[in-house]
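Values in this text are rule-based calculations from the coordinates and carry no lab data. The model shown is predicted, which means the values in this text are computed figures rather than measured ones. Cβ placement follows ideal geometry from the backbone for every residue including glycine, while neighbour counts extend to all protein chains displayed.
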Amino acid sequence: MLGIALFFIGAVLIVNGVGLSGRIDARDSAPVNLLVGLLALFLNAMGMLRADTDAGYFAAAGGLLFAFTYLYLAVVQWWALKGVGLGWYCLFVALSALAFAAAAADVRVIAMWLVWSSLWFFFFLALGLGRQLRFLPAYTVLVGIVTCWIPGLMLLMGKW
């Protein structure tokens, strides 16, 4: 399930990064955020239903950080909201992601959580505090490719 989630999260990060560059209107990005958010919600709800240990619930909680991010973003985009609340949610997620990095055993997963934490923190700065971050569109695309799309493909192909 992780491979599927990462694969599509990579896609949504690429679309969102391109959108941040001004090449895609926010309302045009909203459907992919909704679909990926719903997919992540579904996959992690299944994970919660199957979980029988704290580690299983912890993993599902990590996935839900992504699901709620994209669902919230879809609402912001569709209703043309400012996204300040989403920015502050991103701070919560950025800090929480540090705990997921600390709990991971695989150095690749640790690195991924740390990079994701940085991305969510930058979105806190941009949306929550209104800071202009010129590098954010390209960084979002890069994070999507390197930490989600490629690892997702590798997991799906059994090459992780």
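Taking the simple approach of a point 7 Å from Cα along Cα-to-Cβ for both residue 153 and residue 23, what is their distance in nm?
Going from the residue 153 label point to the residue 23 one covers 1.7 nm.
How large is the charge dipole for the chain, taken about the Cα centre, if only the Cβ atoms of Lys, Arg (+1) and Asp, Glu (-1) carry charge, to the nearest 20 debye? Display every interim value, and only then the final one.
Working: 8 positive and 5 negative charges, 73 e Å.
The dipole magnitude comes to about 360 debye.
Measuring from label point to label point, each 7 Å out along Cα→Cβ, what is the residue 42 to residue 111 span in nm?
Output for this residue pair reads 3.2 nm.
Helix-derived [θ] at 222 nm for the chain: sum -39500 (n - 2.57) over DSSP H runs of at least 4, divide by residue count, nearest 500? The partial results should precede the final answer.
Working: 7 runs with 121 residues, N = 160.
Helix-only estimate at 222 nm: -25500 deg cm²/dmol.
What percent does the relative contact order of the chain come to when contacts are Cα pairs within less than 8 Å and at least six residues apart? Walk me through the intermediate numbers first.
Numbers: 219 pairs, mean separation 58.6, N = 160.
Worked out over the chain, it gives 37 percent.
Can you pull the Rg over Rh of segment 46-102, Cα-only, Kirkwood? Walk me through the numbers before you get to the answer.
Working: Rg = 13.4 Å, Rh = 12.5 Å.
Reported Rg/Rh, Kirkwood definition of Rh: 1.07.
Between beta-carbons, use under 15 Å as the cut-off and find the net charge around residue 90, counting Lys and Arg +1, Asp and Glu -1. Provide the component values of the computation, followed by the final result.
Working: positive: 82, 131; negative: none.
Taking every Cβ under 15 Å from that of residue 90, the sum is +2.
In a shell of Cβ-Cβ distance under 14 Å around residue 77, excluding residue 77 itself, what net charge do Lys and Arg (+1) and Asp and Glu (-1) give? Present the calculation step by step, with values, prior to reporting the outcome.
Working: positive: 27, 82; negative: 25, 28.
Taking every other residue near residue 77 into account, the sum is 0.
If you take the charge dipole of the chain about its Cα centre, with +1 on Lys and Arg Cβ and -1 on Asp and Glu Cβ, which of 105, 20, 35 is farthest toward its positive end?
Selected residue: 20.
Using alpha carbons only, how many degrees (0 to 90, rounded to 10) separate the axis of helix 2-20 from the longest principal axis of the chain?
Tilt relative to the chain: about 10 degrees.
If the viscosity is 1.002 mPa s and the temperature 20 °C, what Stokes-Einstein diffusion coefficient in µm²/s follows for the chain when Rh is the Kirkwood radius over Cα pairs?
Working: Rh = 15.6 Å.
Estimated via Stokes-Einstein, D reaches 137 µm²/s.
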